[in-house]
Amino acid sequence: MARYAQVHGSVALITLTNPPVNALSAAVRHGITETVTRALRDPEVKSVVICGENGVFCGGADIREFAKPMGGPPLVPMIAAIEEGDKPVVAAIEGVALGGGLELALGCHYRIAHTKALVGLPEVTLGLLPAAGGTQRLPRLIGIAPALDLITTGRHVAAQQALKLGIVDQVTDQSTVDVAIQFAKQVVGQPLLPRKLSTQPTPCPPDVDILLEEAMTQVKRRARGAIAPVACVMAVRAAATLPYRAGMQKEQELMATLFRSSQAHALQYCFFAQRAVGRWKLSSGAHSGNSKPRPVSKAAVIGLGTMGRGITVALVKAGIAVVAVETSDKQLQMGKQIVSEMLKREAQKRNETPRLDLIRFTTSMLELKDSDLVIEAVFEDMPLKKQVFKELSSVCKADAFLCTNTSGLDVDELAAVTKTPELVVGMHFFAPAHVMKLLEVVCGSRSSPEAVATAMYLGKRLGKVSVAVGNCPGFVGNRMLRPYLEEANFLLEEGATPELVDGALEEFGFAMGVFRMSDLSGLDVGWRIRKESGLTGPDVDPSDPPRRRQGQRYSPLPDLVCEQGRLGQKNGRGWYLYDKPGGRVATPDPKIHQLLEEYRLKHGIRPRRVDRQEVVERCLFALINEGFRILDDGIAAGPEDIDMIYVFGYGWPRHRGGPMFYAGMVGLPKVLERLEHYWQAHPDVPHLEPSALLRRLVDSGSPPIDTWRDFLQRPHSQL
Ligand SMILES: CCCCCCCC(=O)CC(=O)SCCNC(=O)CCNC(=O)[C@H](O)C(C)(C)COP(=O)(O)OP(=O)(O)OC[C@H]1O[C@@H](n2cnc3c(N)ncnc32)[C@H](O)[C@@H]1OP(=O)(O)O
Ligand SMILES: NC(=O)C1=CN([C@@H]2O[C@H](COP(=O)(O)OP(=O)(O)OC[C@H]3O[C@@H](n4cnc5c(N)ncnc54)[C@H](O)[C@@H]3O)[C@@H](O)[C@H]2O)C=CC1
């Protein structure tokens, strides 16, 4: 909808009204078309201001409408009618002008923004391009290079920078609408043609072809298989090389292809899933709507290792005071130095002063007595963690939240040693903790709604996507990772190389294949866990054949690699060879190939040709299968939760929507058929046995992903 008012006698004020972000729904487009026509026809009206209700100009097209047949007036002629009119139209931008919202503003003759406003063309993040003239008008306004940057990244630009780029004409910290109304009165009578962007030539540098070629190469490298960024470059090329009309034609053609693509569906699913996971619900009936977080102004971090340092930095960046505890002065000094450097680097990036004053470094737990919330990040060792939790329970104030960053240990077992098990939750960050956007909030069986709400809200304050999960070994993300890693190892046994497996997964869209990722994390981490669980080392049952453990197929290959002193990137040798210890340049290592050949010979394995399709199916369908089990066990509330965990924590390509969405796209019957096939070939690998939920869904006709919750055996039971 759009409200119409005549102000100051001669100015028509059109206000978009569609809370919360004034998205351009059919009703709003209808309202704009009608009110603009009225203003242009009314002889008393000399100029027009368009603004949005509640301090938000417009969040763009209504994304929810994309899944339905399009009705109402289309955006392109609506915006053209504004631009073609003979009365000056001023956009008064408060809050945001994004996507179709900015395209609407670009059709206006002038743009005035509030200092706090943000503008941008984020369509690429939804698998689309700005198809209401954005790819043709923005380059005409600000030039090819900056337009390419904004359109291919979708990044938001703050008002001051928008002014520098020439996107807006004026920035104000007063009432934007009042300033725009005054402005609209002043510009009456001034020539309008130069303000009609579609009539203007695109300013092109002499080397525009090279510029566009370089942009295309760069975008293809970054896109990891996403098609929208490539289409964006093609559309901007059209703005540089074709007249406006032909450019618009190209924009529409490219959009038509993108609009129907599975990638656009996946990215739009991610947009809503990211917001949906914030609305958590526990089996007790408590949910985000009825459970209030408690404020956290003083936090504490126990252990300043890899994770503790990142968590400290994340807390300080959010303005939260931290007491950081280590075991010895030496460890403390080392932690302090690294945290200080990290904070300085972070502050430098944002042109701010590092808030080192917010941290108190200490070796004494007694300093925790006024902390509101404590995050434990000591070694992954249950007896040690229990000892720490006992101590926390006696030194902290009675209502302090006690959180653990364990990557998979039992949160209930830790809670049981405290006096306040209801205040214990898992806050599972991902490395590097100040960068990675995911936080798994692990709800123990006794965690109170207030504790869950506080951890979820704290995650949000730290800029994370917080997902509530149940308590089981590995929670959601790491539990699903196990079959993925195991399948990758089995493929090496059967004939693949690390580079073949990684190549297939990187072609699928992962930033890093499984072996490069393992090298980065450190191969000794998994080795230690396998030793502790008796899978390798002196505790192995001597009656187990070499490639079987606890009745299942087992690959000792990763153990052999570690035994050779190859610990990954950190010491320059792992599944790959690196340029130097800690170096990032990975090259295939003939010694690993030799190790694989000798291993196969020793175990009588005849290597066979493994193709990329098998890599993707074995690794990813095994991971997805575990995802179905997690859903059925009530460890994740819905497929969106799993998908957001993989997109934000494990580098799953967003344009494939997350593992569960991907399964739906591939087709559940196909996933089931391939799992059956591989399970028959490898009956000693239980994770290949199709899960009961997958079978139920296929038996029920493979319903759409948003109805899967109706088929769960124990919905939310562990949350
Ligand atoms: C051949 C076909 C031709 C089609 C032509 C298409 C032409 C185009 O050019 C296409 C487009 O405009 S695509 C849309 C581009 N706009 C965007 O991507 C902005 C999306 N929104 C945001 O970034 C943040 O919500 C924003 C920054 C705006 C606000 O952030 P907040 O953190 O304050 O609030 P959120 O929690 O994100 O959002 C509040 C509620 O609003 C919903 N929402 C936001 N933007 C929407 C939008 N554009 N359409 C529909 N719903 C939208 C959002 O989902 C949330 O609702 P709940 O999920 O129910 O909480
Ligand atoms: N490294 C990773 O990628 C991830 C690790 N985690 C989990 O985070 C926790 C910590 O892991 P990392 O930081 O990698 O370990 P780390 O080995 O780098 O650091 C552990 C730190 O805890 C300190 N510490 C040990 N006992 C202590 C005590 N009683 N009081 C105070 N400090 C003590 C040690 O001196 C050391 O600095 C583990 O539970 C791990 O499973 C979770 C997510 C990712």
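Results for (1) β-branched (Val, Ile, Thr); (2) in contact with a strand residue (DSSP E or B) (Cβ under 8 Å, 6 or more places away or on another chain); (3) free of Cβ contacts under 8 Å to residues at least 40 places away in the same chain, shown as yes or no for each residue.
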{"position": "189", "(1), (2), (3)": "no, no, yes"}
{"position": "195", "(1), (2), (3)": "no, yes, no"}
{"position": "234", "(1), (2), (3)": "no, no, yes"}
{"position": "239", "(1), (2), (3)": "no, no, no"}
{"position": "242", "(1), (2), (3)": "no, no, yes"}
{"position": "249", "(1), (2), (3)": "no, no, yes"}
{"position": "258", "(1), (2), (3)": "no, no, no"}
{"position": "270", "(1), (2), (3)": "no, no, no"}
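In segment 586-607, how many residues are on the phi > 0 side of the Ramachandran plot and either in a helix (DSSP H, G or I) or among the acidic types (Asp, Glu) (or both)? Full working, then the answer.
Step one: filter segment 586-607 for residues on the phi > 0 side of the Ramachandran plot, giving 604.
Filter once more, keeping what is either in a helix (DSSP H, G or I) or among the acidic types (Asp, Glu) (or both): none.
Total meeting the criteria: 0.
So which residues in segment 507-558 are closer than 30 Å to residue 263 by Cα and free of Cβ contacts under 8 Å to residues at least 40 places away in the same chain?
Residue satisfying the conditions is 513 alone.
Considering 141, 148, 118, 129, which residue is surrounded by fewer than 24 Cβ atoms within 10 Å (Cβ to Cβ), under 25 Å from the mean Cα position of the chain (by Cα) and of a type outside the set (Phe, Trp, Tyr)? Give the steps one after another, and end with the answer.
Numbers: 141 fails: under 25 Å from the mean Cα position of the chain (by Cα); 148 fails: surrounded by fewer than 24 Cβ atoms within 10 Å (Cβ to Cβ); 129 fails: surrounded by fewer than 24 Cβ atoms within 10 Å (Cβ to Cβ).
Of 141, 148, 118, 129, the one residue that is surrounded by fewer than 24 Cβ atoms within 10 Å (Cβ to Cβ), under 25 Å from the mean Cα position of the chain (by Cα) and of a type outside the set (Phe, Trp, Tyr) is 118.
Can you report the number of residues in segment 459-473 which are within 13 Å of residue 433 (Cβ to Cβ) and either outside the structural domain of residue 410 (by TED's automatic domain parsing) or out of contact with any His (no Cβ under 9 Å at 6 or more places or on another chain) (or both)?
Going through segment 459-473 one residue at a time, the tally reaches 3.
Quick check on my filter: what residues within segment 83-107 are farther than 15 Å from residue 53 by Cβ and away from ligand 1 (no atom under 15 Å from the Cβ)? Don't jump to the end; show me each part of the working.
Quick first cut of segment 83-107, residues farther than 15 Å from residue 53 by Cβ only: 83-90, 98-100, 102-103, 105-107.
Selection gives 83, 84, 85, 86, 87, 88, 89, 90.
Just to check your reading of the model, which residue among 81, 97 is of a type in the set (Gly, Ala, Ser), at pLDDT 95 or above and in a helix (DSSP H, G or I)?
Working: 97 fails: in a helix (DSSP H, G or I).
Unique residue meeting the criteria: 81.
Of a type outside the set (Lys, Arg), in contact (Cβ under 8 Å) with a residue 40 or more places away in the chain and not in a strand (DSSP E or B): which single residue out of 132, 92 fits that description? First the steps, then the outcome.
Values: 92 fails: not in a strand (DSSP E or B).
The conditions single out 132.
Of everything in segment 652-707, what is assigned to a helix (DSSP H, G or I) and of a type in the set (Phe, Trp, Tyr)? Give them in sequence order. Even if it seems obvious, please write down each step before you answer.
Step one: of segment 652-707, the residues assigned to a helix (DSSP H, G or I) are 654-656, 659-666, 668-681, 686-688, 692-699, 705-707.
Selection gives 661, 662, 678, 679.
Whether any residue in segment 40-49 is within 12 Å of ligand 1 (Cβ to nearest atom) and within 38 Å of the chain's Cα centre (by Cα) is what I want to check. Don't jump to the end; show me each part of the working.
Let us first name the residues in segment 40-49 that are within 12 Å of ligand 1 (Cβ to nearest atom), namely none.
No, because not a single residue in segment 40-49 is within 12 Å of ligand 1 (Cβ to nearest atom) and within 38 Å of the chain's Cα centre (by Cα).
Suppose we keep only residues that are among the β-branched types (Val, Ile, Thr) and in a helix (DSSP H, G or I) within segment 478-516. Which one would you say is nearest to the chain's Cα centre (by Cα)? Explain how you work it out, then say what you get.
Looking only at segment 478-516, we keep the residues that are among the β-branched types (Val, Ile, Thr), and these are 497, 501, 514.
Filter again for in a helix (DSSP H, G or I), leaving 501, 514.
Numbers: 501: 24, 514: 19 Å.
Among residues in segment 478-516 that are among the β-branched types (Val, Ile, Thr) and in a helix (DSSP H, G or I), the one nearest to the chain's Cα centre (by Cα) is 514.
So is residue 63 within 31 Å of the chain's Cα centre (by Cα), surrounded by fewer than 24 Cβ atoms within 10 Å (Cβ to Cβ), aliphatic (A, V, I, L, M) and at pLDDT 95 or above or not?
On the way: within 31 Å of the chain's Cα centre (by Cα): yes; surrounded by fewer than 24 Cβ atoms within 10 Å (Cβ to Cβ): yes; aliphatic (A, V, I, L, M): yes; at pLDDT 95 or above: yes.
Taking the combined requirement at face value, the residue satisfies it.
Suppose we filter 465, 540 for residues that are of a type outside the set (Ser, Thr, Tyr) and touching a Phe, Trp or Tyr at 6+ places or on another chain (Cβ under 6 Å); which single one remains? Let's see the steps before the verdict.
Values: 540 fails: touching a Phe, Trp or Tyr at 6+ places or on another chain (Cβ under 6 Å).
Just one listed residue meets the conditions, 465.
Sort out which residues of segment 130-145 are over 11 Å from residue 103 (Cβ atoms) and either within 9 Å of ligand 1 (Cβ to nearest atom) or out of contact with any Cys (no Cβ under 9 Å at 6 or more places or on another chain) (or both), and write them in order of number.
Narrowing segment 130-145 to residues over 11 Å from residue 103 (Cβ atoms): 139-145.
Listed by number, the residues that qualify are 140, 141, 142, 145.
Of the conditions (1) touching a residue at least 40 places away in the same chain (Cβ under 8 Å); (2) away from ligand 1 (no atom under 16 Å from the Cβ), residue 276 clears all except one; give me its number.
(2)
List the pairs whose first member sits in segment 607-625 and is polar (S, T, N, Q), whose second member is not in a helix (DSSP H, G or I), and whose Cβ atoms are under 9 Å apart, counting only residues at least 6 apart or on separate chains?
If the second residue must be not in a helix (DSSP H, G or I), the pairs left are 625/689; 625/690; 625/691.
On the basis of being touching a Gly at 6+ places or on another chain (Cβ under 8 Å), assigned to a loop (DSSP other than H, G, I, E, B), farther than 30 Å from residue 128 by Cβ and not assigned by TED's automatic domain parsing to the domain that holds residue 439, does residue 283 make the cut? Can you show your working first?
Details: touching a Gly at 6+ places or on another chain (Cβ under 8 Å): yes; assigned to a loop (DSSP other than H, G, I, E, B): yes; farther than 30 Å from residue 128 by Cβ: yes; not assigned by TED's automatic domain parsing to the domain that holds residue 439: yes.
So residue 283 fits the description; yes.
Does segment 290-304 contain any residue that is more than 16 Å from ligand 1 (Cβ to nearest atom), touching a Lys or Arg at 6+ places or on another chain (Cβ under 8 Å), at positive phi and not aliphatic (A, V, I, L, M)?
No, the conditions are met nowhere in segment 290-304.
On the basis of being assigned to a strand (DSSP E or B), assigned by TED's automatic domain parsing to the domain that holds residue 216 and not polar (S, T, N, Q), does residue 147 make the cut?
Numbers: assigned to a strand (DSSP E or B): no; assigned by TED's automatic domain parsing to the domain that holds residue 216: yes; not polar (S, T, N, Q): yes.
Here the answer is no, as residue 147 does not meet what is asked.
Which one is surrounded by the fewest Cβ atoms within 10 Å (Cβ to Cβ) among residues in segment 234-253 that are closer than 21 Å to residue 107 by Cα, under 28 Å from the mean Cα position of the chain (by Cα) and not acidic (Asp, Glu)?
The extreme case among them is 235.
Looking only at segment 197-222, count every residue that is in contact (Cβ under 8 Å) with a residue 24 or more places away in the chain and in a helix (DSSP H, G or I) and tell me the total.
Restricting attention to segment 197-222, the residues satisfying the condition of being in contact (Cβ under 8 Å) with a residue 24 or more places away in the chain are 197-205, 208, 211-212, 215, 219.
Of the ones still in play, those that are also in a helix (DSSP H, G or I) are 197-199, 208, 211-212, 215, 219.
Number satisfying all stated conditions: 8.
Just the residues that are open to solvent by 70 Å² or more (accessible area, probe 1.4 Å) and either over 14 Å from residue 486 (Cβ atoms) or not in a helix (DSSP H, G or I) (or both), please, taken from segment 517-536. Reasoning before the result, please.
Going through segment 517-536, the residues open to solvent by 70 Å² or more (accessible area, probe 1.4 Å) turn out to be 520-521, 528-529, 531-532.
Result: 520, 521, 528, 531, 532.
Out of segment 359-375, which residues are more than 15 Å from residue 308 (Cβ to Cβ) and open to solvent by 30 Å² or more (accessible area, probe 1.4 Å)? First the steps, then the outcome.
First, pick out the residues of segment 359-375 that are more than 15 Å from residue 308 (Cβ to Cβ): 364, 366-367, 369-370, 372.
Residues satisfying the conditions are 364, 366, 367, 369, 370.
Residue by residue through segment 346-358, note down the ones that are surrounded by 12 or more Cβ atoms within 10 Å (Cβ to Cβ) and assigned to a helix (DSSP H, G or I).
Here is the first cut: in segment 346-358, the ones surrounded by 12 or more Cβ atoms within 10 Å (Cβ to Cβ) are 346-347, 354-356, 358.
346, 347, 356, 358 - these are the residues of segment 346-358 that are surrounded by 12 or more Cβ atoms within 10 Å (Cβ to Cβ) and assigned to a helix (DSSP H, G or I).
Output the residues belonging to segment 254-280 that are outside any helix (DSSP H, G or I) and open to solvent by 50 Å² or more (accessible area, probe 1.4 Å). I'd like the intermediate steps shown before the answer.
Narrowing segment 254-280 to residues outside any helix (DSSP H, G or I): 260-261, 277-280.
Within segment 254-280, 260, 279 meet the criteria.
Can we say residue 34 is more than 11 Å from ligand 1 (Cβ to nearest atom), touching a residue at least 24 places away in the same chain (Cβ under 8 Å) and within 24 Å of residue 190 (Cα to Cα)? Let's see the steps before the verdict.
Numbers: more than 11 Å from ligand 1 (Cβ to nearest atom): yes; touching a residue at least 24 places away in the same chain (Cβ under 8 Å): yes; within 24 Å of residue 190 (Cα to Cα): no.
Taking the combined requirement at face value, the residue does not satisfy it.
Condition first: open to solvent by 10 Å² or more (accessible area, probe 1.4 Å) and either within 18 Å of residue 37 (Cα to Cα) or touching a Leu at 6+ places or on another chain (Cβ under 7 Å) (or both). Now tell me which residues in segment 89-115 satisfy that. Can you show your working first?
Narrowing segment 89-115 to residues open to solvent by 10 Å² or more (accessible area, probe 1.4 Å): 94-96, 98, 110, 114-115.
Passing the criteria: only 96.
Does segment 223-233 hold any residues that are assigned to a helix (DSSP H, G or I) and either out of contact with any helix residue (DSSP H, G or I) (no Cβ under 7 Å at 6 or more places or on another chain) or surrounded by 21 or more Cβ atoms within 10 Å (Cβ to Cβ) (or both), and which are they?
Of the residues in segment 223-233, the ones assigned to a helix (DSSP H, G or I) are 223, 228-233.
Listed by number, the residues that qualify are 228, 229, 231, 232, 233.
The values are calculated or read from the model by the stated rules, or taken from the named source; none is laboratory data. In this text the structure is predicted, and so the values were computed from the model without any measurement. Neighbour counts run over all protein chains shown; Cβ positions are idealised from the backbone, glycine included. Quick note on the areas: whole protein, heavy atoms, side chains included, nothing else; ligands and nucleic acids left out. Shrake-Rupley method; radii C 1.70, N 1.55, O 1.52, S 1.80 Å.
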